[in-house]
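Each remark here refers to the structure printed beneath this line.
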Amino acid sequence: TLQITDLSTPESGTGAKAQFAEDVKNGLGQEAKKLSSRYFYDGEGSRLFQKIMHLPEYYLTRSEHEVFTTQQQTIAQKLAAQGYFHLIDLGAGDATKTRILLKQLLQQNADFDYVPVDISGDAITELYQELPTELPSLQTQAVVGDYFNALDWLDEHKPGRKVLLFLGSNIGNFNPDERQEFMQKVRKHMQPGDMLLKGMDLCKEPETILRAYNDAAGVTAAFNLNLLHRINRELGGDFIVDQFKHFPIYDPQHGVMKSFLISQQDQQVTIKATGQTFHFKAWEAIHTESSYKFTLELAETIGHENDFKIQQIFQDKNHYFADVLYIV
Ligand code: AVI
């Protein structure tokens with residue numbers, strides 16, 4: 001059976017747009033300009049991110065896929081060992097990696113239901129169309145909405161053991177403060193016996209990392225620049241997008257990949273929804289994304305600081321990527 005719970009409210013459309021305008025206004029008003037990577041994912045941005053995941057340079061998806069295909073039996077056994085659970089997939093998207101695990105869990109006759117959570121109603125609708133034919137015996141309770149609204153809803157309506165999935169190095173897009181806040185909020189929803197399986201991209205040869213965010217086909221550049229197109233479309237901006245360029249750098253001391261959009265000339269941009277005109281000096285940068293990379297020690301520290309223990313770490317053979325199983 002499959003059910004969908006929609007926790008997005010009718011006003012969340014207009015509220016979301018006002019929030020976007022507010023964030024753009026604040027970010028571009030700073031001395032060091034910035035825009036949040038949260039806004040990458042409109043329809044076009046999500047389509048470009050799907051393309052990124054298939055690029056030869058973007059090793060993250062392939063490495064995590066390898067972890068799931070080679071170690072699915074062990075992973076599934078660990079998750080199911082303590083009996084009935086909700087498998088809660090935070091940011092499920094198209095659930096490509098999760099499907100491997102779902103098949104394995106069904107094969108092992110694990111006692112669970114699947115709870116994909118995504119802010120995008122479209123992603124959930126697609127899953128809704130595919131899962132019943134692909135995995136007819138799967139019990140699914142999908143939730144459209146914010147991660148923590150979904151967890152509140154589950155606590156109230158469907159108590160029971162939780163196994164949380166946070167795959168694909170999404171954790172890497174939080175800065176250390178946001179990451180800490182996320183871990184604390186997740187921890188508050190967890191009881192002894194609950195688990196968190198978290199995808200983390202690992203520190204490695206800097207060139208390999210840099211290439212993953214600067215692909216030869218220019219898809220990542222288009223993904224980054226789409227943020228300006230989105231501001232034009234949704235907030236009435238007049239960015240001449242060609243006058244900006246994608247510029248990624250890797251900082252090996254802090255283990256962070258940073259992406260910027262660089263203004264190639266002195267220019268003004270007016271954004272109607274913010275009621276403001278912003279000035280860009282020639283070669284001025286807007287910081288648009290950070291993708292943090294981790295060491296296994298850091299994975300342990302992050303767990304420890306937030307009252308989690310590591311039960312097991314699953315890695316691909318190159319040790320490019322880790323799926324870390326935390327227990328409380
Ligand atoms: C979604 N997130 C984990 C991706 C990353 O690697 O930080 C987004 C991305 N940005 C550029 N390429 C992919």
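None of the figures in this text is laboratory data; all of them are computed from the coordinates on show. Not measured: the values here are computed from a predicted model. FYI the Cβ positions are ideal-geometry reconstructions off the backbone, even for glycines, and counts take in every protein chain you see.
Residues whose amide H comes within less than 5 Å of that of residue 316, counting only those at least five positions distant or on another chain, are 321 (H built at 1.01 Å from N in the peptide plane). Its residue count N sets the reference 2.2 N^0.38 Å, and the alpha-carbon radius of gyration of region 91-210 equals 1.14 times that reference. Here the chain carries DSSP beta bridges of which approximately 60% are antiparallel, counting only pairs with both residues inside. For the chain, the longest piece that avoids every one of the GluC sites (Glu not before Pro) found in DSSP loops with at most 11 other C-beta atoms within 10 Å covers 32-328. Percentage of Cα-Cα pair distances in region 212-288 greater than 20 Å, rounded to whole percent? Here the tail beyond 20 Å accounts for 34 percent of pairs.
Derived scalar couplings between HN and Hα for region 225-230 equal 5, 4, 4, 6, 4, 5 Hz in order, rounded to whole Hz, by the Karplus curve 6.51 cos²θ - 1.76 cosθ + 1.60 (θ = phi - 60°), x for Gly and Pro. Axis angle, to the nearest 10 degrees, between helix 176-188 and the longest C-alpha principal axis of the chain: 30 degrees.
Suppose R0 equals 56 Å. What FRET efficiency, 1/(1 + (r/R0)^6) with r the Cβ-Cβ distance, do residue 157 and residue 32 give to the nearest 0.05?
0.80
If you line up the long axis of helix 59-80 against the longest principal axis of the chain, both from Cα atoms, how many degrees apart are they, to the nearest 10? Tilt of helix 59-80: around 30 degrees. Rounded to 0.05, the FRET efficiency of the residue 235 and residue 8 pair, given R0 = 25 Å and the Cβ-Cβ distance, is 0.80. Each pair of Cα atoms in region 147-281 enters the Kirkwood radius, and Stokes-Einstein at 4 °C and 1.567 mPa s then converts it into a translational diffusion coefficient of 71 µm²/s. Between residue 180 and residue 146, the FRET efficiency estimated from the beta carbon spacing at R0 = 22 angstrom works out to 0.75. Using C-alpha pairs under 8 Å with a sequence gap of at least 6, the mean separation divided by the residue count of region 54-180 gives a relative contact order of 29 percent.
Dividing the convex hull volume of the alpha-carbon atoms in region 249-328 by its residue count gives 167 Å³ per residue.
Calculated mean residue ellipticity at 222 nm for the chain: -13000 deg cm²/dmol, from DSSP H runs with n ≥ 4 weighted as -39500 (n - 2.57), summed, divided by the residue count and rounded to 500. Taking the chain as the reference, fit the longest principal axis to its C-alpha atoms, fit the long axis of helix 96-107 to the helix C-alpha atoms, and give the angle between the two in degrees, 0 to 90, nearest 10. Helix 96-107 sits roughly 0 degrees off the main axis of the chain. The lysine pair count for region 102-214, using Cα distances under 15 Å and pairs eight or more places apart or on different chains, is 4. Extents of the chain, taken as max minus min of Cα coordinates on every principal axis and listed largest first, are 62, 46, 37 Å.
With Cα atoms defining each centre, region 25-61 and region 286-328 are spaced 22 Å apart in the structure.
For region 242-328, trypsin sites (Lys or Arg not before Pro) are listed when DSSP marks them as loop and at most 15 other Cβ atoms sit within 10 Å of their Cβ; the list is 281, 317.
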